[in-house]
Amino acid sequence: MRIDIVTIFPNMFSPILNESIIKRAQQKKILKIRVHDLRDYTLDKHRKVDDRPFGGGPGMVMCCQPIFSAVQAIKQKTENRKLKTKIILLSPQGKTLTQKKAQQLAQLKHLILVCGHYEGVDERVKKNLIDEEISIGDYVLTGGELPAMVLIDCVVRLLPGVLGRAESLKEESFQNNTLEYPQYSRPAVFNGLQVPKVLLSGNHKLIKEWRRKQAIIITKKKRADLLSKHR
Ligand code: SAM
């Protein structure tokens, strides 16, 4: 997969791109990420990317020209590779990111992520350039950079070959509209607190059954709304 990020704060991405699983995915050549400074695409001599809103009101709005130019330049560079591209604006007005959405995005070969700032972006960008607006939750952040990082993290870990053990994806939370069963590790007894005996039994059939039941119990207790999606 290739991911292009359009942002006015390119340096914000260094920590996530150069650590852990996302770093390894790039080393394994499963993932290519390029960060583009939006200011490199402005025609304004002061590298300005925003202006006052028509009709008045507080704050500034990100203008059309730099965003259209950046996305078009990225598309031109990747066009000859015939990658199917989806252009996403991180936006509190978008559909909320879910595990299902992450799985759909993980099937694609190329994502362009546009990070907004200030009061957001000119509506003409949303209507004429962007394929989809995605939100990471019903709250307002100062910019699209953190949402872009969240999206990248949850999509990239789903790409084949990125995680050491693909099975870990099969049983985790949200996979079957349930949360994951409880996990325990060594020691078997800590300060008098015991690990459930079945997990020490070595009986894989019983363990599987116990985990399935526990997943349902935990989901009922913490996120009953997920179970109703079964129906
Ligand atoms: N004035 C906008 C509104 O009320 O809808 C909010 C703009 S917000 C301060 C600036 C930028 O942060 C947005 O353009 C978007 O890129 C990003 N952003 C803020 N909250 C977000 C969220 N929950 N999910 C995704 N992106 C978000």
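What follows draws every value from the coordinates through simple rules; no lab data is involved. Worth saying up front: this structure is predicted, and the values here are computed from it rather than measured. Glycine also receives a Cβ, built like all others from the backbone with ideal geometry; neighbour counts cover every protein chain displayed.
Just to be sure I follow: if Rg is taken over the C-alpha atoms of the range 1-152 and Rh is the Kirkwood radius over the same atoms, what is Rg/Rh? So for the range 1-152, dividing Rg by the Kirkwood Rh gives 0.95. Candidates Leu90, His110, Met62 compared by Cα position along the dipole of the range 45-131: farthest toward the positive end lies His110, with charges placed on Cβ. Within straight-line reach of Lys208, meaning a Cα separation under 29 Å, sit the following lysines at least 8 residues removed in sequence or on another chain: Lys100, Lys101, Lys170, Lys197, Lys220, Lys221, Lys222, Lys229.
Amide H contacts for Leu179 (H built 1.01 Å from N in the peptide plane; partners 5 or more residues away or on another chain; cut-off under 5 Å): Phe174, Thr219.
Rounded, prolate or oblate for the range 14-100? Axes are the square roots of the Cα gyration tensor eigenvalues, ordered a ≥ b ≥ c, and the cut-off for rounded is a/c under 1.5. Judged from the Cα gyration tensor, the range 14-100 comes out prolate (a/c at least 1.5, a/b above b/c).
Coupling constants for the range 4-16 follow from the phi torsions by the Karplus curve (6.51 cos²θ - 1.76 cosθ + 1.60, θ = phi - 60°), and in residue order they are 10, 10, 10, 8, 8, 10, x, 5, 4, 8, 3, x, 7 Hz; glycine and proline get x. Listed cross-link partners Lys28/Lys86; Lys32/Lys82; Lys29/Lys109; Lys23/Lys95 are compared with a 21 Å cut-off, the Cα-Cα value being larger for Lys28/Lys86; Lys23/Lys95. Along the range 29-44 the Karplus relation, 6.51 cos²θ - 1.76 cosθ + 1.60 evaluated at θ = phi - 60°, assigns HN-Hα couplings of 6, 7, 9, 10, 10, 10, 9, 10, 7, 4, 5, 5, 10, 7, 8, 6 Hz to successive residues, with x for each Gly and Pro. Among the chymotrypsin sites (Phe, Trp or Tyr not before Pro) found in the range 101-196, those both in a DSSP coil and sparsely packed, with 15 or fewer other Cβ atoms within 10 Å of their Cβ, are Tyr139, Tyr184. Shape analysis of the range 95-141 places it in the oblate category; the axes a ≥ b ≥ c from the Cα gyration tensor give an a/c of at least 1.5, with a/b not above b/c.
If you restrict to DSSP beta bridges whose two residues both lie in the range 86-231, what percentage is antiparallel, to the nearest 5? Here the share of antiparallel DSSP bridges comes out near 15 percent. What whole number of Å gives the distance from the Cα centroid of the range 134-153 to the Cα centroid of the range 73-103? One Cα centre to the other: 14 Å. Only helical runs count toward this figure. For the chain, summing -39,500 (n - 2.57) over DSSP H runs of n ≥ 4 and dividing by all residues gives -10500 deg cm²/dmol at 222 nm.
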